[in-house]
Protein chains: 4
Amino acid sequence: MLSPIELRSDNAAGAAPEILAAVNAANVGSALAYGADEWTARLHDIVRDVFEHPRARVFPVVSGTAANSLALAAMSPPWGAVLCHESAHILRSECGATSMFSGGGVMRGLAGENHKVTVEAVRAAFDDTRWGDNHHSQPSVLSLTVPTDHGTTYTSAQIAALSSAAKERGLRVHVDGARVANAIAAEGCTPAEMTWRAGVDVFSLGALKNGALSTDAIVCFDEAVADELHYRIKRAGHVASKMRFQSVQLQAYLTDGLWLRNASVANAAMSRFAAGLRQLDIELVSAPEVNMAWARIDGDACRRMEDAGLLFYRMGGNDVRFVTSFQTTLEEIDEALERISKALVAA
Amino acid sequence: MLSPIELRSDNAAGAAPEILAAVNAANVGSALAYGADEWTARLHDIVRDVFEHPRARVFPVVSGTAANSLALAAMSPPWGAVLCHESAHILRSECGATSMFSGGGVMRGLAGENHKVTVEAVRAAFDDTRWGDNHHSQPSVLSLTVPTDHGTTYTSAQIAALSSAAKERGLRVHVDGARVANAIAAEGCTPAEMTWRAGVDVFSLGALKNGALSTDAIVCFDEAVADELHYRIKRAGHVASKMRFQSVQLQAYLTDGLWLRNASVANAAMSRFAAGLRQLDIELVSAPEVNMAWARIDGDACRRMEDAGLLFYRMGGNDVRFVTSFQTTLEEIDEALERISKALVAA
Amino acid sequence: MLSPIELRSDNAAGAAPEILAAVNAANVGSALAYGADEWTARLHDIVRDVFEHPRARVFPVVSGTAANSLALAAMSPPWGAVLCHESAHILRSECGATSMFSGGGVMRGLAGENHKVTVEAVRAAFDDTRWGDNHHSQPSVLSLTVPTDHGTTYTSAQIAALSSAAKERGLRVHVDGARVANAIAAEGCTPAEMTWRAGVDVFSLGALKNGALSTDAIVCFDEAVADELHYRIKRAGHVASKMRFQSVQLQAYLTDGLWLRNASVANAAMSRFAAGLRQLDIELVSAPEVNMAWARIDGDACRRMEDAGLLFYRMGGNDVRFVTSFQTTLEEIDEALERISKALVAA
Amino acid sequence: MLSPIELRSDNAAGAAPEILAAVNAANVGSALAYGADEWTARLHDIVRDVFEHPRARVFPVVSGTAANSLALAAMSPPWGAVLCHESAHILRSECGATSMFSGGGVMRGLAGENHKVTVEAVRAAFDDTRWGDNHHSQPSVLSLTVPTDHGTTYTSAQIAALSSAAKERGLRVHVDGARVANAIAAEGCTPAEMTWRAGVDVFSLGALKNGALSTDAIVCFDEAVADELHYRIKRAGHVASKMRFQSVQLQAYLTDGLWLRNASVANAAMSRFAAGLRQLDIELVSAPEVNMAWARIDGDACRRMEDAGLLFYRMGGNDVRFVTSFQTTLEEIDEALERISKALVAA
């Protein structure tokens, strides 16, 4: 039996050693609960420094679903509509969390190639809206998944153009950044360039898929939203009592570029993997721009790949998904390609 | 300057070394997210074993507020009323979390000595209810804080009597067990005796105040409620992606009696401390039955105690609160009493 | 068998002939739905005129519960607390409507003689609040029931003093005015004096108990709240499609002082009735200041009164409630007193 | 100037004289509030009789939005998904009411010709669902708009087939029957055949567009849902205090077939109108099966039609909508066609 190679999800990876070490180091003495500790205070400074924004505020929460849905609920009135791509995670995979926390807000899924929202789609949604008519939920937030759940991503310039279009009608801009480090690393821009400088008001800072143990975060550049989140997060049960152990993870994550380094490792592994798939004449559904690829492989070959110890997801039909993480090695990639190559040939 | 002695809250304590070690040990290999990992599977077995209940289900969540409010929302219809003591944490310190998650459920605070609900108070509330009249929220859950936020607690027999009264009218019974280990340790009963054998349907298993890093849990003996929680927890953002690191904490916590040992340490420290306070003729507001004492000390003495490095909370008027934790040593207790003794004498 | 005399509730009265006539008259031609009709436009003018406020906005809704809960939800954030008397209708008799519509807001009942909130109670509630602490719902609205559900009422000056205290901490002021016409008529003040001139931001304008057929209304002097209500009312299903038939009722109600005339009839009937009860040495629980009295009459006498055709409510113990309406005649009052007089004497 | 002819909406019609007469007649004596009156009791009997169902329960509410959203909230858990056509009124024109009342339920719009859901679309939605996976809202209700907002309708047999498909996976079946009388009249079936005999569990009984003054209703054949509605309707503020005036409208509506007669008048007017439009070579978007037509007419002609006193809605592009009501006369239809005929010819 061949050893398994993990390509199902970056969520299946463990914790980064730097982050685990930081957690261990924080277990000294007593510290007040609920964020009134020095680790959390320092985290705010680090976030402001890394994002070059003097009033940024950060709220550690335990999952990306919490980060997205609580942020959106604070950004949008109960009668608001969140515009997003029709394949967005917030629309399809969070069991109505945003509708619940917002008191009945809705999501309007927009079509768009490569799973990306376009300026044209936003404008068309605006044209299709009866503004001010109380029979209709009112567009209030544009939410972009950066990168998308399908391995494509937005550039900073694209985000800026979309923000600009959204703000023509007074919408706020949200980014579901469950893997935002991968997008920043892929573009090579600064964290500020991809976020507030591109018009983003609030974003979910994913950390769990990229080395953290038990926390993601909301980063907020809009003070009115932050003031709401102060209460919303507590009453949703997302203010950790031992916050220091959450904050210290994010500290380590953002310090010395660990988050972007880890993301680069995952991106590089996928880049090599995608090149290998192409050489094997495997069709890629879209160009993998970060650490994820969707490909088309027939069921028989899939079964042989599974038999050969490859861990990946079948997504319906012949679609399969491969994801690399900060723990994926180039040796694993080469070995995976080798096994796939063999599996493509019927026994 | 004297070294500080932590008596503000057990929430200020760090993580138990056994739990931190377990987290470190779980950082091996890849594991599927959202609870589909072997640590979480094993946790279910451990819970069933420790609580002697073959169908118990456990849901790790990140805070006691999450545990309480999600459990209560699953136990009660939107038009339900949760009966609890008027000083209950769920009523006074969770910012309406239960009302939010339940879709507008309400809480009815009952009076009762020593911050405890009595059978008579439950019966009086029933008599005061217009059952079936849709102008009035309908009592649906009795929630007990075990132990109370004031250092008193319920015995298993008292819980059983209250459950029995509640069930006469079809209510479910919930325990806010943020410190339930301290109550079990104080009574010396089995975990089953204080929970389902006493009629408890669902309870919040506190772990954070007693050694855990980042998780409490809901333990559920009622399958209909558990089936609801499956969805409610996800859409509240409380399904950790790297669940293994949450589950493994609870594993360590419940294994070999660590939770009860830690609670006993805290209880014993408080017991010695309370005896010392009495010797100093300090009035105790109620008999400290677990790891917390409320006492009456005038403001001048309080200031001198603070100057002497004692960390504790002033609760308004002359009320002060002292809490011990699993990290409190008997040496610290003796030293604290020594300092208090001096502080009681005006300079 | 004696003919019944209705003293259970003003809710049991029929529609005022002037209002029914107006409804009949409005059944001419076609009119756009949802408020885009001329009757609704005129209603706004009438409200502005009657209340002497150029920007007042009015929202017809189908019940007092709708008026109260939707207004409060628009006035308060989800983490807000509505301060009210512990006997307030919004707290005890609306099945959690405000908590539902506000997304989990809570109500804090304050004690106070004669079922009235006092400035001292408001200040004490403020002192007892941890402002800005996200563990605690934040006082956001003071709601006064004018008159109370127990037949007492507030003067304009009392409302002004309470508003002033509430606004020291930034709260909005709401009046549950299910019977506000009776309070205005009793004091003889102007509608403006009892509402916005006394610091009231939004109030429920009761009409159903005083002659309307199928509508109460929210009257709003705060434009931010009104802008919210525009959407909240629709999504709660309270925008009548044939709004003209609702608006025209309120038109007739407010025109030529019908509402105050009707209220005066009810008040005068109660005044005579209360005087009669006192002459019969019946204890009144509090002085009936509008159209309702609570009295203490033993069970045997009550039974004889019921046998004599008197319709009234027993409220527990020896408490009974009598309510007069705009349809109550002085002859009925005299006849009722006559029958009570006889019933007090055991057979 | 020509007299206006109303073809915008059946919502713009007035009240049926029979219904208004019944309201006037009910204004006798006193009657207990909130449904404890004899008119409401009789309404239950009438509904059970008309729908041939001994346990049917009826809840008068003030609007179709209230009827739909409260029913759906009672039929579906908070994590449920309501399947409906992508053009459904509940999805597009109720400002998120169902999501609010259900605590964050979502709607999944299905494609389908003539604005109708098909069995194939329902089955495809089922195949596309990850049943039991808590990341995804779970299909819980199939809601059909009968007739659709575009003038097409379902037959009883089609509803039965859809119900049957829905129930294979345990969904409940709801009908938005804002104009259900028109559908029943068009098919000539019995009310039972189109509702519970076709598998419908709960439906919105539209009355307002077809002659009522201030009430629609929910009719419920599922007792568990009815027991929930008892509370949900109250806390949504939809229990009218003077319920008798609402119930009596529905009594008159359902008595002696008034509802079906009125609907037939509207249907017949549209039938003649549609025939006339076809003769004028105007393209109909779909075959008008009840009292509504969507047609394509260019902007210049529309302007001339408006100038000629025709009242109708432009729906974007060249789409226009015509609706007839129980008040529309055949003379008006002929006159309208005459004016359209002239307007089609440029000046």
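The values are calculated or read from the model by the stated rules, or taken from the named source; none is laboratory data. Computed from a prediction, not measured in an experiment: that's the story for all the values here. Every residue, glycine among them, receives a Cβ derived from its backbone with ideal geometry; neighbour counts consider all protein chains shown. Calculation scope for accessible area: heavy atoms of the full protein, side chains included, ligands and nucleic acids excluded. Shrake-Rupley method; radii C 1.70, N 1.55, O 1.52, S 1.80 Å.
Restricting the search to the range D:1-18, which residues are over 18 Å from D:LEU337 (Cα atoms), more than 17 Å from the chain's Cα centre (by Cα) and of a type in the set (D, E, K, R)?
D:GLU18
Please determine whether any residue of the range A:319-337 is surrounded by fewer than 24 Cβ atoms within 10 Å (Cβ to Cβ) and in contact with a Pro (Cβ under 8 Å, 6 or more places away or on another chain).
No, every residue in the range A:319-337 fails to be surrounded by fewer than 24 Cβ atoms within 10 Å (Cβ to Cβ) and in contact with a Pro (Cβ under 8 Å, 6 or more places away or on another chain).
Applying the selection to the range A:186-198, what residues are within 15 Å of the chain's Cα centre (by Cα) and open to solvent by less than 30 Å² (accessible area, probe 1.4 Å)?
A:PRO191, A:MET194, A:THR195
From D:GLY237, D:GLY206, grab the single residue that is in contact with a Lys or Arg (Cβ under 6 Å, 6 or more places away or on another chain) and either within 14 Å of chain C (Cβ to nearest Cβ) or free of Cβ contacts under 8 Å to residues at least 24 places away in the same chain (or both).
Going through D:GLY237, D:GLY206 in turn, the sole match is D:GLY206.
Do you know which of the residues in the range C:83-127 that are of a type in the set (Lys, Arg) and touching a strand residue (DSSP E or B) at 6+ places or on another chain (Cβ under 7 Å) is nearest to the other protein chains (Cβ to nearest Cβ)?
C:ARG108
Cβ-Cβ distance below 8 Å, separation of 6 or more or different chains: which pairs start in the range A:116-130 with a residue that is open to solvent by 20 Å² or more (accessible area, probe 1.4 Å) and end on one that is among the β-branched types (Val, Ile, Thr) and at pLDDT 95 or above?
Taking only residues 6 or more apart or on different chains, the pairs are A:LYS116/A:THR148; A:LYS116/A:THR152.
Within the range C:250-274, which residues are of a type outside the set (S, T, N, Q) and open to solvent by 50 Å² or more (accessible area, probe 1.4 Å)?
The answer is C:ASP256, C:ARG261, C:VAL265, C:ALA268, C:ARG272.
Got a number for residues in the range B:61-84 being over 27 Å from B:ASN134 (Cβ atoms) and not small (Gly, Ala, Ser)?
So the count comes out to 3.
Could you please tell me which pairs satisfy a Cβ distance under 9 Å, a separation of 6+ or placement on different chains, a first residue in the range A:178-192 that is touching a residue at least 24 places away in the same chain (Cβ under 8 Å), and a second residue that is of a type in the set (Asp, Glu) and crowded, with 24+ Cβ neighbours inside 10 Å?
A:ALA178/A:ASP216; A:ARG179/A:ASP10; A:ASN182/A:ASP10; A:ASN182/A:GLU289; A:ALA183/A:GLU289; A:ALA186/A:GLU289
Among the numbered criteria (1) more than 14 Å from chain B (Cβ to nearest Cβ); (2) touching a residue at least 12 places away in the same chain (Cβ under 8 Å); (3) farther than 27 Å from A:GLY151 by Cα, which single criterion is violated by A:GLY276?
Only one criterion is unmet by A:GLY276, namely (3).
Out of the range B:1-52, which residues are open to solvent by less than 60 Å² (accessible area, probe 1.4 Å), more than 8 Å from chain A (Cβ to nearest Cβ) and either within 30 Å of B:CYS302 (Cα to Cα) or in contact with a strand residue (DSSP E or B) (Cβ under 9 Å, 6 or more places away or on another chain) (or both)?
B:ILE5, B:LEU7, B:ASP10, B:GLY35, B:THR40, B:LEU43, B:HIS44, B:ILE46, B:VAL47, B:PHE51
Only one of (1) open to solvent by less than 30 Å² (accessible area, probe 1.4 Å); (2) farther than 18 Å from B:ALA13 by Cβ; (3) outside any helix (DSSP H, G or I); (4) modelled with pLDDT of 95 or more is not met by B:ASP281, so which one is it?
With (1) open to solvent by less than 30 Å² (accessible area, probe 1.4 Å); (2) farther than 18 Å from B:ALA13 by Cβ; (3) outside any helix (DSSP H, G or I); (4) modelled with pLDDT of 95 or more applied to B:ASP281, the lone miss is (1).
Across the range B:136-154, which residue is farthest from B:ALA263 (Cα to Cα) among those that are assigned to a loop (DSSP other than H, G, I, E, B) and within 14 Å of chain C (Cβ to nearest Cβ)?
Ranking the qualifying residues of the range B:136-154, first place goes to B:HIS136.
Testing B:LEU110 on (1) touching a Lys or Arg at 6+ places or on another chain (Cβ under 9 Å); (2) free of Cβ contacts under 8 Å to residues at least 60 places away in the same chain, one condition comes back false. Which one is that?
Among (1) touching a Lys or Arg at 6+ places or on another chain (Cβ under 9 Å); (2) free of Cβ contacts under 8 Å to residues at least 60 places away in the same chain, B:LEU110 violates only (1).
Just the residues that are open to solvent by less than 10 Å² (accessible area, probe 1.4 Å) and more than 7 Å from chain B (Cβ to nearest Cβ), please, taken from the range D:217-234.
Of everything in the range D:217-234, those that are open to solvent by less than 10 Å² (accessible area, probe 1.4 Å) and more than 7 Å from chain B (Cβ to nearest Cβ) turn out to be D:ALA217, D:ILE218, D:VAL219, D:CYS220, D:VAL225, D:ALA226, D:LEU229, D:ILE233.
Testing D:PHE203 on (1) farther than 26 Å from D:THR324 by Cβ; (2) among the aromatic types (Phe, Trp, Tyr); (3) under 21 Å from the mean Cα position of the chain (by Cα), one condition comes back false. Which one is that?
(1)
Among the residues of the range C:199-214, are any closer than 30 Å to A:HIS135 by Cβ, open to solvent by 10 Å² or more (accessible area, probe 1.4 Å) and of a type outside the set (Gly, Ala, Ser)?
Scanning the range C:199-214 turns up at least one residue that is closer than 30 Å to A:HIS135 by Cβ, open to solvent by 10 Å² or more (accessible area, probe 1.4 Å) and of a type outside the set (Gly, Ala, Ser).
For B:SER164, indicate whether it is buried (at least 24 other Cβ atoms within 10 Å of the Cβ) and not in a strand (DSSP E or B).
In short, no.
Do we have C:LEU2 as without any contact (Cβ under 8 Å) to a residue 12 or more places away in the chain and either not in a loop (DSSP other than H, G, I, E, B) or not acidic (Asp, Glu) (or both) here?
no
Does D:GLU331 fit the bill of being closer than 20 Å to D:ASN267 by Cα and touching a strand residue (DSSP E or B) at 6+ places or on another chain (Cβ under 7 Å)?
no
Can you name every residue in the range C:66-92 that is among the hydroxyl-bearing types (Ser, Thr, Tyr) and open to solvent by 10 Å² or more (accessible area, probe 1.4 Å)?
Matches in the range C:66-92: C:SER76, C:SER87.
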